[in-house]
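Just so it is clear, none of the values below were taken in a lab; they were calculated from the coordinates. As the structure is a prediction and not an experimental result, all values here were calculated from the model. All Cβ positions, glycine included, derive from the backbone under ideal geometry; neighbour counts span all protein chains shown.
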Amino acid sequence: MATNYTMADYGIVAQPMKMVSQEVVEHMLGWNIPEEHQDLVHMHWRAFPAVSKFWHYGLALIYTCLMLTSLTGNSIVIWIFSTSKSLRTASNMFVINLAVFDLMMMIEMPLLIMNSFQQRMVGYQLGCDIYATLGSLSGIGGAISNAVIAFDRYKTISCPLDGRINKVQAALLILFTWLWSVPFTALPLFKIWGKFVPEGFLTTCSFDYFTDDQDTKVFVAAIFVWSYCIPMSLICYFYSQLFGAVRLHERMLKDQAKKMNVKSLASNKDDAGKSVEIRIAKVAFTIFFLFVCGWTPYAFVAMTGAFGDRSLLTPVATMVPAVCCKIVSCIDPWVYAINHPRYRAELQKRLPWMGVREADPDSVSTNTSLATAQAANPEA
């Protein structure tokens, strides 16, 4: 059962009622929310002065820049990876899926910009539910997508002959990422377990981690494990296995080269392909690192709100993790632009004005193979 708190529980004296009401309305967070929607604002936020409009406008400016960056980067990723023949592989279906989740997070940003100029949640509970639903789906989906990408990289590099995932398997794994996102989005949306409430500047929404009852605490712990701990554990496991396989492969190459009395065996086509796969794995690992940086602060805020010292959670302190999550969704596509060899080659062909320079990996592999053959047979 939820506990109903009164102002007295927070040290606010009920008399004289007119004075208390005037103080809350004129000076504290939630002052511009109509009386019929005042239940949206948790009493924790009422202890803080109303945020200056310049904070709201500054946040709107930041989110405008992030929105344009995310829209451009993720749209290019989806366009190139879905239309380029060399990139239409099962593995890259996961890249497109992650870009879709990142674009979904971008859809939140126009809502936040409108809220910032209004200095409140536009649409009140409905607007809050829409904003939080988009954030929940994209956040949880992005987390488990990173785990699936780690699994795919591990299978591809450690078992290059029989471990590659085919397109049917990739489609099923993508469906799995969406199904994984649904439970802890639908439960608070329909108030079956938990609920969505405004937070921070009261212009963004997330699941409730402040209501001080057992039901809410269990919900916060469950979503923490589901959306953060499990994906993180899977990612760490698969990447540790991947790096072990890479080290084993390199050790085998060195041992074989020593037996053949040559410096390296990395000039053949198979090893050139392996090198490309390792570069792609580095991209995936970079995105995982960004995921950790983006979502760990948010996980800390939620767990502190439910189980820790709530005095640490000021409006500004809770808005910083939200901005970090949006930044990560914008950076992801540009990480591919910087490091993915085939993607860089396609960017060079289709968008030369971006100034990307990358040799075609297929031609590099072919030239390497020819050079190796000529070295083995100089008269050919």
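Points to keep in mind about this one:
- Of the trypsin sites (Lys or Arg not before Pro) in the range 31-125, those whose Cβ has at most 14 other Cβ within 10 Å and which sit in DSSP loop: Arg88
- Among Trp79, Trp45, Trp353, the order by Cβ neighbours within 10 angstrom, fewest to most, reads Trp353, Trp79, Trp45.
- Prolate/oblate/rounded call for the range 29-170, Cα gyration tensor, a/c under 1.5 rounded: prolate
- Separation between Cα centres of the range 42-115 and the range 125-202, rounded to whole Å: 15 Å
- The residue list Gly123, Phe94, Phe210 was ranked by how far each Cα lies along the charge dipole of the range 33-359 toward its positive end, using unit charges on Cβ atoms, and Phe94 comes out on top.
- Efficiency of FRET between Leu248 and Trp79 - r from beta-carbon atoms, R0 56 angstrom, step 0.05: 0.90
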